[in-house]
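Beneath this line is the structure, given in structure tokens, with notes to follow.
The values are calculated or read from the model by the stated rules, or taken from the named source; none is laboratory data. Predicted model, so just to flag it, every value in this text is computed and none were measured. Methodologically, a virtual Cβ is constructed for each residue, glycine included, from the backbone with ideal geometry; neighbour enumeration extends over all protein chains shown. Surface areas here come from the heavy atoms of the whole protein model, side chains and all, with no ligands, DNA or RNA. Shrake-Rupley method; radii C 1.70, N 1.55, O 1.52, S 1.80 Å.
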Amino acid sequence: MLECPVCGTHLAMPSGVVENEIIDCGTCSAELEVLSLNPLSVEEAPEEQEDWGE
Amino acid sequence: MNKVGILFSRMRKEEKLIFEEAQKMGVDLIRVDSRNLIMNGENHYDFNILLDREISHTRSLYTLQMLESVGVKTVNSHRVATICGDKVSTTVALNQAGVPTLQVKVAFSRESALEAIETMGYPVVLKPVIGSWGRLLAKINDRDSAEAILEHKAYLPSGYHSVFYIQEYVEKPGRDIRAFCIDGKTVCAIYRSSDHWITNTARGARAENCPLTPELINLCEQTVQAIGGGILAVDIMETKDGLVINEVNHKMEFRNSIDISGVNIPALILEYTLKMDRLS
């Protein structure tokens, strides 16, 4: 069972998700990065930086 | 199969769409995650061209510079990224080419910035020279606000915040225009509407299709030429004196513009990248 690394809630993985995609924890709203699909692994996503953008 | 490197560290919807299009087009996209990248001044890459979709401007700039130096073609080029990623550089490029753009003053001290603002007249817009998504923009309506904001900015740790980029404020008709330009052509445009004076879609502005008029196309062509070509999103304001350029983005987000415009932007991005690869 994959748990949110922030709040520990069981995570339901959205369909079509890919590696390095950002998903939100439905309970604590933490942004999580999908590190791998097999095995499933996530970690808290990096916080937005000043130089991020388009 | 065509091989194209793609630089990114965050898989946004845009990158997912590019990967989906690549699969349809038979393009082998090779992931280059900037967080794992080690560059040593040698060409040890498994591709001849790199599509830059890196969310961090700093990482992007250095990667493009290092890869170009060993013969890897990049889209966009390091030169274009340098111009678009810094608002002062963008302003200089547009002014040198005579492209209509908003009046800007640049100052480095609180005192000189205040003097510049007072000369321009209120309101003005203060922007960070590096940054995106409408982040840290300030509309300054009076001297009290100017003094307070300039003081706060001067204490921010990054030296870039002490480069005061002061732009004239223009009343917009509740919207601005974002035009998408690829390979010198204006492929589509959207209106970005908001009740707020900031009309970035990242800040909640609504997107609607904007017809491509000869005036718009002509202005975009001038802008693309001034910046150096490539894949660009040109932000335009409608003023009483006509259309003027506000900003130019070189790694645009386009998730809200495909359905509205009916243009397959990720496919065009890949086609342009492949064309550049053939020409290199």
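Okay, residues lined up against (1) in a loop (DSSP other than H, G, I, E, B); (2) within 30 Å of B:D86 (Cα to Cα); (3) among the aromatic types (F, W, Y):
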| position | (1), (2), (3) |
| --- | --- |
| A:V6 | yes, no, no |
| A:A12 | yes, no, no |
| A:G16 | yes, no, no |
| A:E19 | yes, no, no |
| A:T27 | yes, no, no |
| A:S36 | no, no, no |
| A:V42 | no, no, no |
| A:P46 | yes, yes, no |
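Note on the stretch B:92-102: residues that are surrounded by fewer than 17 Cβ atoms within 10 Å (Cβ to Cβ) and not in a loop (DSSP other than H, G, I, E, B) total 3. Of the strands (runs of 3 or more DSSP E) that lie entirely inside the stretch B:103-219, those containing 1 or more residues that are under 23 Å from B:P266 (Cα atoms) and out of contact with any Gly (no Cβ under 9 Å at 6 or more places or on another chain) span B:175-182, B:185-193, B:206-209. Scanning the stretch A:39-54 for residues that are in contact with an Asp or Glu (Cβ under 7 Å, 6 or more places away or on another chain) and either more than 27 Å from A:H10 (Cβ to Cβ) or facing chain B (nearest Cβ under 8 Å) (or both) yields A:A45, A:E54.
Which of (1) crowded, with 16+ Cβ neighbours inside 10 Å; (2) in a strand (DSSP E or B) does B:A226 not meet, given it meets every other one? Evaluating B:A226 over (1) crowded, with 16+ Cβ neighbours inside 10 Å; (2) in a strand (DSSP E or B) leaves (2) as the failure.
Within the stretch A:21-36, the residues that satisfy the criterion of being away from every other protein chain (no Cβ under 12 Å) and open to solvent by 70 Å² or more (accessible area, probe 1.4 Å) are A:D24, A:G26, A:T27, A:S29. Once the stretch A:11-20 is narrowed to residues that are surrounded by fewer than 16 Cβ atoms within 10 Å (Cβ to Cβ) and facing chain B (nearest Cβ under 8 Å), the residue that is farthest from B:S60 (Cα to Cα) is A:V18. All conditions in (1) of a type in the set (S, T, N, Q); (2) more than 9 Å from chain A (Cβ to nearest Cβ); (3) open to solvent by less than 40 Å² (accessible area, probe 1.4 Å) hold for B:S9, with the sole exception of (2).
Can you tell me which residue is surrounded by the most Cβ atoms within 10 Å (Cβ to Cβ) among those in the stretch B:40-63 that are within 14 Å of chain A (Cβ to nearest Cβ) and out of contact with any Asp or Glu (no Cβ under 6 Å at 6 or more places or on another chain)?
First, pick out the residues of the stretch B:40-63 that are within 14 Å of chain A (Cβ to nearest Cβ): B:52-63.
Subsequent filtering for residues that are out of contact with any Asp or Glu (no Cβ under 6 Å at 6 or more places or on another chain) retains B:52, B:54-55, B:59, B:61-63.
Numbers: B:D52: 28, B:E54: 26, B:I55: 24, B:R59: 20, B:L61: 19, B:Y62: 16, B:T63: 24.
Here the answer is B:D52.
When B:K185 is tested against (1) over 30 Å from B:R278 (Cβ atoms); (2) free of Cβ contacts under 8 Å to residues at least 40 places away in the same chain; (3) open to solvent by 60 Å² or more (accessible area, probe 1.4 Å), just one condition goes unmet, and that condition is (1).
Can you name the residue in the stretch B:12-38 that is among the aliphatic types (A, V, I, L, M) and open to solvent by less than 60 Å² (accessible area, probe 1.4 Å) and, of all such residues, is farthest from the other protein chains (Cβ to nearest Cβ)?
Going through the stretch B:12-38, the residues among the aliphatic types (A, V, I, L, M) turn out to be B:17-18, B:22, B:25, B:27, B:29-30, B:32, B:37-38.
Now narrow it down to the ones that are open to solvent by less than 60 Å² (accessible area, probe 1.4 Å): B:17-18, B:22, B:27, B:29-30, B:32, B:37.
On the way: B:L17: 11, B:I18: 12, B:A22: 13, B:V27: 16, B:L29: 12, B:I30: 14, B:V32: 12, B:L37: 14 Å.
Among those that are among the aliphatic types (A, V, I, L, M) and open to solvent by less than 60 Å² (accessible area, probe 1.4 Å), it is B:V27.
Residues that are surrounded by 22 or more Cβ atoms within 10 Å (Cβ to Cβ) and more than 24 Å from B:V27 (Cβ to Cβ) were ranked within the stretch B:247-276; the one that is nearest to the chain's Cα centre (by Cα) is B:V248. Considering (1) open to solvent by less than 30 Å² (accessible area, probe 1.4 Å); (2) more than 14 Å from chain B (Cβ to nearest Cβ), the lone condition that A:G8 does not fulfil carries the number (1).
Among the residues of the stretch B:154-170, those identified as touching a residue at least 40 places away in the same chain (Cβ under 8 Å) and not small (G, A, S) are B:V163, B:F164, B:Y165, B:I166, B:Q167, B:E168, B:Y169, B:V170.
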